Amino acid sequence: MHREFKIFWIFLKGQWQNYMAYRLGSFIWIINGAIGPLLSMSIWLIISSQTHLPLNQSQIVSYFFLSLLVSRLTQVWTLDQVGDWIKDGGFSNILVKPYNYIIENLSRQFAEKSIRLTALVPFMIIIFPFFVSRLSFNFAPFRIILFLLAVIMGFILLFIWEHTLALLAFWTHETHGISSVHDTLRNLFSGYAIPLVFMPGFLKSIMTIYPARFTTSFPLEILVAQASAKDIVNGFAIGLTWLFLFIIIYRWLFKKGIQKYTALGG
Amino acid sequence: MNIKRSIKLLFLYAKAGQMTSWEYRFGYFFRLIRIFMDFGIALVFINVFFSKTSSIGNWNQAEIFLVYALFQMVNSTYNFFCGDSLNDLDYDVQKGKLDFSLLKPIDSQFIVSFKNTYPSNAYRVILSIIVMIYAFGQLHLSFSPSIIVWGIISVISSTVIYYCLILLASLSSFWTSRGEVTELMNTIFSVSKYPLDIFRKPTVQLLTFIPLIFLVTVPARVILGKPDHLHYLSPFLAVAIFYISRKFWLLALRHYSSASS
């Protein structure tokens, strides 16, 4: 374990230097990701002024304001990356390395995330005055702790999920099509635009069990939407089930895929 | 520039684009699924909104369907011809590959804008027409000749404005060698899949100034017969922005220095 941590740390330092070169990019990335949630928020606020919704106006504002942070914390960039390695033969480099490449990817995610989050904080401070009158931030301490645990679970879940999908490239030769379908479904069911409580019956039951819910919606249900103890326990149970399921499928696909893999190029 | 030759070239680019997209069959299949999903999910979003209310601003559900269809139509027409050509401009500038476009005996802006066409966007155009017909069926609109003429003019102007704004955004890569501004512009445009006059007045004024409101909201208002004078402006705006973006393209080229090999 000590060795793994050392490898992780070495990569993290290298990647930090890499990403520090593009600080402007981080800021634009933040604005880019903020437009969708802020648009959804405006529309839900307009609807909320016309009719009664399960969340009040200040909960809607808090939900989408915090969703900027949560979706950025859980976001990963591995599907296309690993898929492309398999497609262009770069995966051979991984197979000959004397450590699990997942450690390298994890450090890459941490480096990119920590650099980019430094841009998120000033951005949230800039837009904060526009929302401050409607934000309500008095959360019970146990909700904050569960919220943080849910964010960590969401990140690990998505990380393994995308790795699992990426391995399909052994059979399909490219993953950009898969990733675009994956992203579209994730947009619908992550709670990024529609909070779970606003979903009508049938879609609500799909969203409750779809793994994307844990990348944005679930932490915010705990913190902002005042989810009941039963819903929280159920949520963690569903999330952890998916997590273990993806780990098992990943290992199986990896074993099968390696047997099929032939490197391209020289 | 020779128009006949340009059209022939555009046709060749479209053919090459089609062949590239067939290269990976799974990828192509998933992209087709994605097109249907995009429409399906957007309609689900609108339905979820309207499961809670009967109108957003002063737009009802069928009118918002029409706005979405118009957005898809303008967006897909742009993507049909330009694909991700301009999104890749930063890469060409950074690597010095733009040299290859500049050396060809045809206008460089033409090549840079149209070299990666995405013909599968034709499906999107067809789907948006279907949604539009559905919306018309729900709305029982009456079309006077002037509405038809101004509808067509404002949609064409909107497509031109769309292209020019993306071009202007992509030109930033000549100074920064990065493509994030283009990406940001695409995201900002996606806001116009909803009617933009539902927001508060200062926001609407800002969106008129940017001029995001001309992309979809103005044409939609013309077609729906909602009183508005902005559409008289849109063709002049299109010509003006086209002229400005051309000037900026030439300016950016003067700034370009090829990377060493």
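Since every read-out is calculated from the coordinates, none of them should be taken as a lab result. Keep in mind the model is a prediction, meaning the values are calculated, not measured. In this analysis, Cβ positions are derived from the backbone assuming ideal geometry, glycine residues included, and neighbour counts consider all displayed protein chains.
What's the angle, to the nearest 10 degrees (0 to 90), between helix B:234-255's Cα axis and the longest principal axis of chain B? Approximately 20 degrees, to the nearest ten. Only Cα sites of the protein assembly as shown enter the Debye sum here, all with the same form factor; the resulting log10 I(q)/I(0) across q = 0.10, 0.11, 0.12, 0.13 1/Å is -0.93, -1.13, -1.36, -1.57, listed in q order. Each pair of Cα atoms in the stretch A:115-266 enters the Kirkwood radius, and Stokes-Einstein at 37 °C and 0.692 mPa s then converts it into a translational diffusion coefficient of 186 µm²/s.
Helix A:23-50 and the longest principal axis of the Cα set of chain A meet at an angle near 40°.
What the phi angles of the stretch B:30-38 give under the Karplus curve with 6.51, -1.76 and 1.60, with θ = phi - 60°, is a coupling list of 5, 5, 5, 4, 4, 4, 5, 5, 4 Hz, glycine and proline written as x. Within the listed set B:182, B:208, B:53, the residue fluctuating most in the Gaussian network model of chain B (springs between alpha-carbon atoms under 10 angstrom) is B:53. Sparse packing (at most 11 other Cβ atoms within 10 Å of the Cβ) combined with a DSSP loop state is found for the following chymotrypsin sites (Phe, Trp or Tyr not before Pro) in the stretch A:119-166: A:137. Among the listed pairs B:4/B:247; A:6/A:255; B:95/B:247; A:204/B:52; A:6/A:256, those whose Cα-Cα separation exceeds 19 Å are B:4/B:247; A:6/A:255; B:95/B:247; A:6/A:256.
For chain B, the mean residue ellipticity at 222 nm estimated from helices alone is -23000 deg cm²/dmol, where every DSSP H run of n ≥ 4 contributes -39500 (n - 2.57) and the total is divided by all residues, rounded to the nearest 500. Sequence-distant contacts, meaning Cα pairs under 8 Å at least 6 residues apart, place the relative contact order of chain A at 30 percent. Just to be sure I understand the curve: with the Debye formula and one point per C-alpha of chain B, what is log10 I(q)/I(0) at q = 0.08, 0.10, 0.15 Å⁻¹? After summing over all Cα pairs, the log10 values are -0.35, -0.55, -1.18.
Quick note on the stretch A:2-260: its Rg to Rh ratio, both from C-alpha atoms and Rh being the Kirkwood radius, is 0.98. Taking every alpha-carbon pair under 8 Å whose residues sit at least 6 apart, the stretch B:3-255 reaches a relative contact order of 25 percent.
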